[in-house]
Amino acid sequence: TLTANTEGNDSSILLTTEKVDQLTLKKVVAKDGDVIVGAEDTSVRANYIRALDDGAITGFEDDGYSIIIEAANLAIGAGGLKADMDVDIASNGDITGTGNEDIEAGNDIDLAVGGQIGQVRPNIPVDVIAGGELHIDALPGNDNNGLGPDHVWVNMTGTTGDGDIIHYDGKPGTEPGIIYWNGHIWGGADK
């Protein structure tokens with residue numbers, strides 16, 4: 001379990017793990033910097049993470065700060081992830097959330113998974129607020145947790161800065177399953 005806080009100008013938090021089964025990020029706050037977590041073989045629970053510009057989300061590129069997470073699985077807790085600029089997540093497994101402002105970014109949100117994003121049963125989408133674009137992608141070998149293309153692969157809600165659009169970064173027709181966005185089928189096998 002980690003609690004970390006930086007107060008200085010351009011002060012970032014960088015954390016890497018090896019041979020750790022579970023990492024809980026209880027409260028990790030970079031008041032003026034990035035939060036970078038390299039834990040590709042570790043299940044990460046992110047309860048409260050902030051990468052801010054002097055304590056705020058400004059969305060200005062010249063001094064923006066980001067959250068970058070690589071994990072085996074990522075479970076987002078009630079405090080969520082909030083970044084001044086971008087949120088980039090690569091999960092070899094699933095990304096789950098609470099369904100209520102799980103990720104907020106002043107600019108883009110990029111999610112790449114080897115499993116699924118959000119939950120279908122129970123219906124708990126990953127909820128996002130992106131000042132820029134929302135991008136999703138399947139990591140190589142993604143088979144939608146064995147469910148196949150006729151089942152929901154992405155269950156998300158939220159808003160984006162480009163008209164509430166969700167972007168799939170793979171080739172059209174290669175989605176591992178159905179993309180369910182804001183209560184509608186957005187892409188995938190049944191689109």
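Miscellaneous remarks
- Ranked from largest to smallest solvent-accessible area, with a 1.4 Å probe on the protein heavy atoms, ILE36, ILE95 come out as ILE36, ILE95.
- Spatial offset of region 31-70 relative to region 94-134 amounts to 15 Å, using the alpha carbon center of each.
- ASP54 contributes about 100 Å² of solvent-accessible surface, heavy atoms of the protein only, 1.4 Å probe.
- The chain - accessible surface per residue (Å², probe 1.4 Å): 46
- Entry note, region 92-191: relative contact order of 25 percent, from Cα contacts under 8 Å with a spacing of 6+ residues.
- Exposure of ILE185 as accessible area (Å², to 10), given a probe of 1.4 Å and all protein chains: 70
- Among ASN142, ASN107, ASN73, the residue with the largest mean-square fluctuation in a Gaussian network model of the chain, with springs joining Cα atoms closer than 10 Å, is ASN142.
- Just the protein heavy atoms count here, and of the accessible area of region 146-191 at 1.4 Å, carbon and sulfur take up 55 percent.
- Counting only DSSP beta bridges whose two residues both lie in the chain, roughly 5 percent are antiparallel.
- In a reduced charge model with +1 at each Lys and Arg Cβ and -1 at each Asp and Glu Cβ, the chain shows a dipole moment near 840 debye about its Cα centre.
- Ligands, DNA and RNA left out, the accessible area of region 56-97 computed with a 1.4 Å probe is 50% carbon and sulfur.
- Selected from ASP137, ASP21, ASP34 as most flexible by GNM, with the chain as the system and alpha-carbon contacts under 10 Å: ASP21
The values are calculated or read from the model by the stated rules, or taken from the named source; none is laboratory data. Note that the coordinates shown come from a computational prediction; the quantities given were computed from them, not determined experimentally. Don't worry about glycine lacking a Cβ; one is built from the backbone with ideal geometry, like all the others, and counts go over all protein chains shown. Calculation scope for accessible area: heavy atoms of the full protein, side chains included, ligands and nucleic acids excluded. Shrake-Rupley method; radii C 1.70, N 1.55, O 1.52, S 1.80 Å.
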